[in-house]
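Structure record follows, encoded as structure tokens.
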Amino acid sequence: MADESRRKVVLKKDPLDGILSYCKMKHPNEGILILKGKSKKGIITIDSLVIPPFSYGGQTFAGFPHSFLPFDLSYVGIVHSHPTGPADPSITDMQNFFGLVSLIVKSPYENSEDIFAWDSDGNSLEIIFEN
């Protein structure tokens, strides 16, 4: 439990910009991306993004078939947008949790204040934004 309370997410500038741009492009539909990076001693560092193959989305959902993903140990989670409402994870979000972290971006996707991180139990994680 002590480890869990120290877990943090470091989001580099390039993926931050890519996330915000992608969410704006997909709006008013949800967008979904795979987060790539590494995890060490409770620090999850996100340094790049992948558009999942055969991803799909609508105004209230986004997803992708996991079976088409190549095996890659650098996948650390997913990010998706919530075009309306809060950035809290839904039951469906939690049932489809992938990796170590889930980022949710709420509209209007303007800056880091619109991005929130969650663990697989639905607990909020601190995000550190890095250049």
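Quick notes on this one:
- Filter result for residue 77 (in a loop (DSSP other than H, G, I, E, B), under 13 Å from residue 34 (Cβ atoms) and in contact with a strand residue (DSSP E or B) (Cβ under 8 Å, 6 or more places away or on another chain)): no
- Residues in region 112-122 that are over 24 Å from residue 73 (Cβ atoms) and either in a loop (DSSP other than H, G, I, E, B) or at pLDDT below 95 (or both): 122 only.
- When restricted to residues that are modelled with pLDDT under 95 and part of a strand (DSSP E or B), region 83-111 contains 0.
- Filtering region 1-33 to residues that are of a type in the set (Val, Ile, Thr), under 17 Å from residue 119 (Cα atoms) and either in a helix (DSSP H, G or I) or more than 14 Å from the chain's Cα centre (by Cα) (or both) leaves nothing.
- Subset of region 34-74 (residues that are assigned to a loop (DSSP other than H, G, I, E, B) and not hydrophobic (A, V, I, L, M, F, W, C)): 41, 42, 52, 53, 55, 58, 59, 60, 65, 70, 72, 74
- Here residue 54 fulfils each of the conditions (1) surrounded by 13 or more Cβ atoms within 10 Å (Cβ to Cβ); (2) at positive phi apart from (1).
- Contact map, region 119-131: residues that are under 17 Å from residue 97 (Cβ atoms) and among the aliphatic types (A, V, I, L, M) paired with residues that are at pLDDT 95 or above and part of a loop (DSSP other than H, G, I, E, B), Cβ distance under 8 Å, separation 6+ or inter-chain. Pairs shown: 125/119.
- Filtered by the rule that a residue be surrounded by 11 or more Cβ atoms within 10 Å (Cβ to Cβ), farther than 23 Å from residue 106 by Cα and among the aliphatic types (A, V, I, L, M), region 60-74 gives a lone residue, 69.
- From the options 8, 41, 12, 24, residue that is surrounded by fewer than 19 Cβ atoms within 10 Å (Cβ to Cβ), in contact (Cβ under 8 Å) with a residue 60 or more places away in the chain and farther than 20 Å from residue 109 by Cβ: 8
The values are calculated or read from the model by the stated rules, or taken from the named source; none is laboratory data. Remember, it's a predicted structure, so these values are computed and weren't measured experimentally. Positions of Cβ are generated from backbone atoms using ideal geometry, with glycine treated the same way; all protein chains shown enter the neighbour counts.
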